[in-house]
Each structure stands twice: as C-alpha cells, then as structure tokens.
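I have placed the structure first, in the form of structure tokens, so that the comments after it can refer back to it.
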Amino acid sequence: MTLRIYNTLSRTKEDFRPLDPANVRMYVCGPTVYDFAHIGNARPAIVFDVLFRLLRHLYGEAHVTYVRNITDVDDKINARALRDYPGVPLNDAIRRVTETTYQQYQKDVTALGCLPPTVQPRATEHIKGMTEMISTLIKRGHAYEAAGEVLFDVASMPDYGRLSQRKLEDQQAGARIAVDAHKKNPGDFVLWKQSTPDEPGWDSPWGRGRPGWHIECSVMSKAHLGEVFDIHGGGLDLIFPHHENEIAQSRCAHGTDVMARYWMHNGFLQVEGQKMSKSLGNFTTIAEVLAQWPGAVARYNMLRTHYRQPIDWTVASLEDSQKVLRDWKQGVEGVAAAAPDAECVEALSDDLNTHAAFTRLHALAKAGEWAALKGSLLLIGLDLDAANLGEEKPVAVDEVKVNTLVAARLEARKAKNFAESDRIRDELLALGILIKDVKDKATGEIKTEWEVRR
Ligand code: AMP
Ligand code: ZN
C-alpha cells in the first residue's frame, strides 16, 4: 500500500517515498509556550499524531522519528513573564511561564490521545546551533548585520518564495509597510536581535541577544533529523512567513535543494466562520473542552473532517461524536483487537482521509465486525476501553415550552381534535418527552404527566 501525501510544495498529491525507510523523519512546529493552547492548536497535534501512528504502522515503530519542538524563546513569553511575575528575576519568571504552559500542553494533548513525539527539543537548548547557522549564512553571503540585528537577505536566494508561491518582485511591489531603513529588502527577516539588559539574551558574535523565531526550527530539525528530511508539518498559517523562511535558512546554510521533501499543512478550526485565534479572542482552551467532553470525543470530532478542510467546532457535532463512540464502545468492549482493517488503512494512506476511514468503521460496526473495528480505532488513537464516555447526558429541557405544548395538546383532545393532539404528542416525543394521561381521582379530570425519556 502506497502512502500518498498532498505536498504544499507541488500543490499535488504525491506518492510518499522516504529517504530512508529504516528511519522516516518528520518535523512539526510545536507550541510557543506563553499561554494555554486553544482547541485550534490541538488540530495539528492530533492530525500529525495520526500520521505518526500510520507511519509506524507502515514502516515499523522503531523506524519513525517524530520531532515536535517547543518554542520557549519569544517576545510574547517575555511579556507574559513580566506581567505574571512582577519583581521576580526575568530568567526565573520566564522559566515559570514556559514550564507551567509546557506541562499543561503535555497534559492536554495526552488527554486527546496523542503519543509523545520521539523528541521534543526546546529552543533554549539550541542557541549555540543557532549562532553557528547564522554565522554560516553570513559567510555564504545570505545574511548581513545592520542596526544591531542580523537579517536574512531574501534577494540572495533565487527561488525564495517557492513554498508560498510568492514572487519577490510581487512582495516588493505590494509592500505597503514602510521599509525598515536598515533592511536591504522589506522581506528580509530577523535571524538575531540584540537584547537590552532587561531582556533575555545569550552571548554571540553580534553582541548579547536572542534568536528570531524561524531560525529555531531550522536548527532543531537539523540537529535531530539532518539537513534534509522527509515530512515537515504545521498549520496553514505557517506557510508564510515561517516555513518559507525556515526553508530559506536551511537550504542556504546547507547548500541543499530542499529542506523537507513533503510539506503538509492542516486547515483552520473555525468558530462561526472565523479562524479560532488568541488575537480574535474567540477561543476555547483545550482544557475547557476537556472539562466538558471526553478526550476521545474531541479527537474523533476533530478527525471527522479531512485535515486540509476548515472545520467548524460546534456542540452539535461533539454530541453526535459522543453518540457514535458510545455505540462503538458497547460493541468493542471486552473484544480482543484484531489487526487494523485494510480498507481503513487504505483510506488513511490516501492523504489521511480520516473521513473515509470513519465511513468504513461505521460499516464494520453495522456488520458487527468488532475485532477489526477495535484494531482500526486503536490505529487512529481511539482507545475506547480507556475512554470514559460518561452517562447518557440528560436532555436539556425547556420546561416552559413543554408545559405549553402539554396544555395545548390537552385542549386539542378536549375539542376532540385528535389529529392535532397526536401531532403535538409527536412533537414532544421529538424533544425527548414522554407523556401520560391520568384521571384525577377526586375531580375526574384528565391531567397530563410528562417525563424526560432516558
Ligand atoms: P501557534 O502557537 O499560534 O504558533 O500555533 C501552534 C500551531 O497551531 C501551528 O501549527 C498553527 O498553525 C496551529 N493553529 C493555530 N490556530 C489554529 C486554528 N484555528 N486551526 C488550526 N490550526 C491552528
Ligand atoms: Zn517551525
């Protein structure tokens, strides 16, 4: 079975051919640890976890290396440290911010059924590698020092913009932002910047300073996966500038044609048609979601939509997901898992078509093939034995509405309009309400009692 992957570099689905089948290598940009992650941030974690599991299934567990970094150098982190820990020495405050956020992230994604990646490097562990790569870029004529910064010279790379399909000329012509006077080109980006004494910093040939965001990933991927590796992933918003700039740095430093051979990007998780993001303030944290829903339900719900499509995160869809998993859990409980179903693996191998995989799983459930269903669910990271799917949630009841309908039905009955009274009875039933007519012994009057159907 050939794995096929939609490659953002070529904008086509391609057969996946690893450089070394004995060590398939994947890098995914991880969280910047300054604040709790929202459920949109969980999408790449879950999607690339499914790919990690599929690669392990196809190539063998020992033959896949998955690196997901932790960005623990960032100006947003500094700001948060100053805000949350006034009076605490900055380095200690930063460590507290990054440590708490990192621990919470681990807890969140574990509850969502994600395996720990093979390596989770931190940017702060790789500063030396960054200053080395920056020196190389300067030596090779791809970077320059100006106004206390080291900048990448985008004009020095003939095919800069290939991933995002932006031409340098277009960028220049379209640039509305005032060109920073020290930059040769508005697209030149920071590799290193000087720190003031009250900012975090490391010694370097360009003074005490800190790295730019993009160089972190170029250095961490090189350290753990080499100069050229197989798959690089992240959300759609990272294509430009982050991934474009990672490619520029790595290729120019190493003199290679590509950085990663397959670039994969997940679509956005949306709320009412808008991307969920911290800056828009329309976010729900993963922890908030997990307080209301089992991790398996959130995971299944995330994977119902193909990873490249936008996904609308709604309660209705979560409820539906919960129902499906409850049904499946009843079937697979106490059953020994068989190997994952071949059609399910085939669907996943078609550019992670989880939607088609679930269609197949529904068919397996219908046919009562529980052992195959269980094995397939495990491959996708849905362990229903371990999942606490809770009791059937009580149906939310609008009592005023129910009482109004009950009274209207009784009126219709009294008027001998049985068609209408039956219609209202069905309407109540659809709301999950069961009714019973009882005669009041004292007065002989008919009264209606109702209860919520379980
Ligand atoms: P950030 O912490 O914002 O750098 O994001 C971490 C990861 O989550 C990146 O891969 C982003 O592309 C991804 N991401 C951020 N917001 C969303 C969203 N609303 N839907 C899907 N992925 C997202
Ligand atoms: Zn990155």
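The values are calculated or read from the model by the stated rules, or taken from the named source; none is laboratory data. Note that the coordinates shown come from a computational prediction; the quantities given were computed from them, not determined experimentally. Ideal geometry is used to build each Cβ from the backbone, glycine not excepted, and the neighbour counts take in all protein chains shown. Side chains are part of the model used for accessible areas, which takes the heavy atoms of the whole protein and leaves out ligands, DNA and RNA. Shrake-Rupley method; radii C 1.70, N 1.55, O 1.52, S 1.80 Å.
Criterion first (more than 17 Å from Met133 (Cα to Cα), modelled with pLDDT of 95 or more and open to solvent by less than 30 Å² (accessible area, probe 1.4 Å)) does His214 satisfy it?
No; evaluated as a whole, the condition is false for this residue.
For (1) within 29 Å of Val33 (Cβ to Cβ); (2) modelled with pLDDT of 95 or more, each residue gets a yes or a no:
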| residue | (1), (2) |
| --- | --- |
| Leu290 | yes, no |
| Ser321 | yes, yes |
| Leu348 | no, yes |
| Thr359 | no, yes |
| Lys366 | no, yes |
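Can you tell me which residue in the range 391-417 is modelled with the highest pLDDT, limited to those that are assigned to a loop (DSSP other than H, G, I, E, B) and surrounded by 12 or more Cβ atoms within 10 Å (Cβ to Cβ)?
Step by step, filter the range 391-417, then rank; the result is Asn417.
So, Thr8, is that one hydroxyl-bearing (Ser, Thr, Tyr) and within 16 Å of ligand 2 (Cβ to nearest atom) or not?
Considered against the rule, which asks whether it is hydroxyl-bearing (Ser, Thr, Tyr) and within 16 Å of ligand 2 (Cβ to nearest atom), Thr8 comes out as yes.
Give me the residue from the range 272-291 that is small (Gly, Ala, Ser) and under 15 Å from Val109 (Cα atoms) and, out of that set, surrounded by the most Cβ atoms within 10 Å (Cβ to Cβ).
Going through the qualifying residues, I end up with Ala287.
Residues of the range 33-63 being away from ligand 1 (no atom under 14 Å from the Cβ) and part of a helix (DSSP H, G or I), which ones?
Correct list: Val50, Phe52, Arg53, Leu54, Leu55, Arg56, His57, Leu58, Tyr59, Glu61, Ala62, His63.
Applying the selection to the range 315-333, what residues are outside any loop (DSSP other than H, G, I, E, B) and among the charged types (D, E, K, R)?
Glu319, Asp320, Lys323, Arg326, Asp327, Lys329
Considering every residue within the range 194-208, establish whether at least one is of a type outside the set (D, E, K, R), in a helix (DSSP H, G or I), surrounded by 16 or more Cβ atoms within 10 Å (Cβ to Cβ) and away from ligand 1 (no atom under 14 Å from the Cβ).
No; the residues of the range 194-208 include none that is of a type outside the set (D, E, K, R), in a helix (DSSP H, G or I), surrounded by 16 or more Cβ atoms within 10 Å (Cβ to Cβ) and away from ligand 1 (no atom under 14 Å from the Cβ).
For Tyr300, work out the one condition from (1) open to solvent by 10 Å² or more (accessible area, probe 1.4 Å); (2) farther than 30 Å from Phe152 by Cα; (3) away from ligand 1 (no atom under 14 Å from the Cβ); (4) outside the structural domain of His355 (by TED's automatic domain parsing) it doesn't fulfil.
The failed condition is (1).
May I ask you to list the residues in the range 212-231 that are away from ligand 1 (no atom under 16 Å from the Cβ) and farther than 15 Å from Ala143 by Cβ?
Listed by number, the residues that qualify are Lys222, Ala223, His224, Leu225, Gly226, Glu227, Val228, Phe229, Asp230.
Starting from the range 230-244, take each residue that is open to solvent by 30 Å² or more (accessible area, probe 1.4 Å) and list its partners that are within 6 Å of ligand 1 (Cβ to nearest atom), counting only C-beta distances under 7 angstrom and pairs at least six apart or across chains.
As it stands, the answer is Leu236/Asn266; Leu236/Phe268, since those pairs meet every condition given.
Evaluate the range 173-184: report whether one residue or more is closer than 30 Å to Asp312 by Cα and either outside any helix (DSSP H, G or I) or open to solvent by 40 Å² or more (accessible area, probe 1.4 Å) (or both).
No, the range 173-184 contains no residue that is closer than 30 Å to Asp312 by Cα and either outside any helix (DSSP H, G or I) or open to solvent by 40 Å² or more (accessible area, probe 1.4 Å) (or both).
Condition (residue is among the charged types (D, E, K, R), over 21 Å from Pro121 (Cβ atoms) and open to solvent by 40 Å² or more (accessible area, probe 1.4 Å)) applied to the range 71-82: is it met by at least one residue? First the steps, then the outcome.
In the first step, residues of the range 71-82 are kept if they are among the charged types (D, E, K, R); the result is 72, 74-76, 80.
From what is left, the residues that are over 21 Å from Pro121 (Cβ atoms) are 80.
Restricting the remaining residues to those that are open to solvent by 40 Å² or more (accessible area, probe 1.4 Å) gives 80.
Scanning the range 71-82 turns up at least one residue that is among the charged types (D, E, K, R), over 21 Å from Pro121 (Cβ atoms) and open to solvent by 40 Å² or more (accessible area, probe 1.4 Å).
Which of (1) closer than 30 Å to Ile46 by Cα; (2) without any contact (Cβ under 8 Å) to a residue 12 or more places away in the chain does Asp108 not meet, given it meets every other one?
Only one criterion in (1) closer than 30 Å to Ile46 by Cα; (2) without any contact (Cβ under 8 Å) to a residue 12 or more places away in the chain is unmet by Asp108, namely (2).
Return yes when Thr448 is over 45 Å from the mean Cα position of the chain (by Cα), of a type in the set (Val, Ile, Thr) and either open to solvent by 90 Å² or more (accessible area, probe 1.4 Å) or under 30 Å from Leu290 (Cα atoms) (or both) and no when it is not.
No.
Does the range 11-36 hold any residues that are open to solvent by 10 Å² or more (accessible area, probe 1.4 Å) and within 16 Å of ligand 2 (Cβ to nearest atom), and which are they?
Passing the criteria: Arg25, Cys29, Gly30, Pro31, Thr32, Tyr34.
I need a count of the residues in the range 136-170 that are open to solvent by 40 Å² or more (accessible area, probe 1.4 Å) and part of a helix (DSSP H, G or I).
Residues in the range 136-170 being open to solvent by 40 Å² or more (accessible area, probe 1.4 Å) and part of a helix (DSSP H, G or I): 6 in total.
So that you can scan it fast, the table gives a plain yes or no per residue for (1) in contact with a helix residue (DSSP H, G or I) (Cβ under 9 Å, 6 or more places away or on another chain); (2) under 30 Å from Leu58 (Cβ atoms); (3) surrounded by 11 or more Cβ atoms within 10 Å (Cβ to Cβ):
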{"position": "Asn353", "(1), (2), (3)": "yes, yes, yes"}
{"position": "Ala365", "(1), (2), (3)": "yes, yes, yes"}
{"position": "Leu382", "(1), (2), (3)": "yes, yes, yes"}
{"position": "Ala419", "(1), (2), (3)": "yes, no, no"}
{"position": "Lys436", "(1), (2), (3)": "no, no, no"}
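Select, from Pro86, Pro21, the only residue that is in a loop (DSSP other than H, G, I, E, B), more than 14 Å from ligand 1 (Cβ to nearest atom), touching a Phe, Trp or Tyr at 6+ places or on another chain (Cβ under 7 Å) and in the same structural domain as His265 (by TED's automatic domain parsing).
Pro21
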